[in-house]
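The values are calculated or read from the model by the stated rules, or taken from the named source; none is laboratory data. Since the structure is predicted, the reported quantities are computational estimates derived from the model, not experimental observations. A quick note on method: Cβ atoms are made from the backbone with ideal geometry, for glycine too, and the neighbour counts reach across all protein chains shown.
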Amino acid sequence: MLTLGPLSIPAPAVMGILNVTPDSFSDGGRFVTPEVALRQAVTMAEEGAAIIDVGGESTRPGADSVSVQRELDRVIPIIERIRRSTDAVISIDTSKARVMREAVAAGASLINDVGALQGEGALEAAADLQVPVCLMHMRGEPRTMQENPEYNDVVAEVAAFLEQRIQACVDAGLGEELTIVDPGFGFGKTHRHNVELLANLRQLRVRDRPMLVGVSRKSTLGELTQRDVEDRLPASVAAAVVAILNGADIVRVHDVQATVDAVNVTRAVIEAGE
Ligand code: 8Y7
């Protein structure tokens with residue numbers, strides 16, 4: 001079990017991705033109406049997703065930002081409906097303080113911030129709300145982050161950043177026990193950086209906090225397999241298994257059913273070896 005303050009989640013856990021953006025790179029525009037989004041969320045919960053991650057702003061490389069109101073209009077009605085229809089934990093994928101506050105009021109119980117609470121008011125919002133927060137590493141910002149990212153030691157630099165953001169949470173009054181760390185695959189990293197991070201995941205578990213990994217359908221998997229985004233299921237499942245064997249506690253994925261099967265096999269093998 002993963003214990004995050006008041007939340008208990010079976011581990012390793014699968015987080016299903018619910019994009020309510022018209023422009024997300026891998027399933028762009030498919031889940032826009034609340035009815036369709038709700039059906040997708042319920043399906044993912046039935047398939048075994050412990051967490052549904054609801055996002056209203058695309059963070060893909062080169063994406064434009066979205067206004068607060070627009071993001072609220074996209075995510076709040078969906079969170080309310082999911083809350084009424086499933087027991088899954090709802091996570092709000094946002095970097096905006098106001099969206100964090102309204103999403104939690106509507107039924108979200110976890111904040112997934114690719115900006116690691118560095119946005120205006122975000123740290124204060126999370127500390128007021130006292131909910132678990134996933135702190136993700138990103139180099140640069142989505143619009144420009146893939147323009148030649150460089151590191152001397154990517155593993156050490158990502159770990160140092162995560163450590164610093166946990167400390168920022170603690171200083172703001174959000175206890176360490178409410179934090180989750182995430183290396184941020186694809187966010188200001190080359191394919192080589194991403195593979196190096198996946199190989200050295202255990203060094204990124206700073207302060208022994210739970211770790212979330214998101215590699216589903218990402219371009220590094222395209223590079224390694226020469227597959228287009230819609231044909232990256234086997235690569236995504238393989239990467240999720242590698243992540244869990246290397247210590248990940250939560251995997252963030254598009255394809256819940258296939259990943260849950262792989263996670264069940266992986267968990268049984270880990271437990272048999274303990
Ligand atoms: C991640 C993420 C995305 C990730 C966490 C995509 C919102 C791009 N990737 N959140 N979000 N970790 N915590 O391909 O890796 O899904 S968006």
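Structure values in brief
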quantity: Residue list for the stretch 180-192, filter: within 12 Å of the ligand (Cβ to nearest atom) and at negative phi; calculated: Ile180, Val181, Asp182, Pro183, Phe185, Phe187, Lys189
quantity: Selection status of Leu174, crowded, with 20+ Cβ neighbours inside 10 Å and either touching a helix residue (DSSP H, G or I) at 6+ places or on another chain (Cβ under 8 Å) or assigned to a strand (DSSP E or B) (or both); calculated: yes
quantity: Search result, residues across the stretch 25-47 that are part of a loop (DSSP other than H, G, I, E, B), farther than 21 Å from Leu72 by Cβ and modelled with pLDDT of 55 or more; calculated: Glu47
quantity: The stretch 38-59 residues that are within 15 Å of the ligand (Cβ to nearest atom), paired with ones that are of a type in the set (S, T, N, Q) and in a strand (DSSP E or B) (beta carbon under 6 Å, 6 or more apart); calculated: Ile51/Ser91; Asp53/Ser91; Asp53/Asn112; Gly55/Asn19
quantity: Filter result (of a type in the set (D, E, K, R), surrounded by fewer than 23 Cβ atoms within 10 Å (Cβ to Cβ) and under 19 Å from Asp249 (Cβ atoms)) within the stretch 182-202; calculated: Arg202
quantity: Residue in the stretch 219-227 that is within 16 Å of the ligand (Cβ to nearest atom), charged (D, E, K, R), more than 19 Å from the chain's Cα centre (by Cα) and assigned to a loop (DSSP other than H, G, I, E, B) present; calculated: yes
quantity: Only one of Thr179, Thr144 that is buried (at least 20 other Cβ atoms within 10 Å of the Cβ) and of a type in the set (Ser, Thr, Tyr); calculated: Thr179
quantity: Filter pass, Glu150 being in a loop (DSSP other than H, G, I, E, B) and farther than 30 Å from Ala103 by Cβ; calculated: yes
quantity: Selection count where residues are in a helix (DSSP H, G or I) and within 11 Å of the ligand (Cβ to nearest atom), scope the stretch 198-218; calculated: 0
quantity: Check on Asp73, buried (at least 21 other Cβ atoms within 10 Å of the Cβ), out of contact with any Asp or Glu (no Cβ under 6 Å at 6 or more places or on another chain) and free of Cβ contacts under 8 Å to residues at least 24 places away in the same chain; calculated: no
quantity: Residue, farthest from Asp208 (Cα to Cα), within the stretch 81-137, restricted to residues that are within 16 Å of the ligand (Cβ to nearest atom) and surrounded by fewer than 24 Cβ atoms within 10 Å (Cβ to Cβ); calculated: Gly119
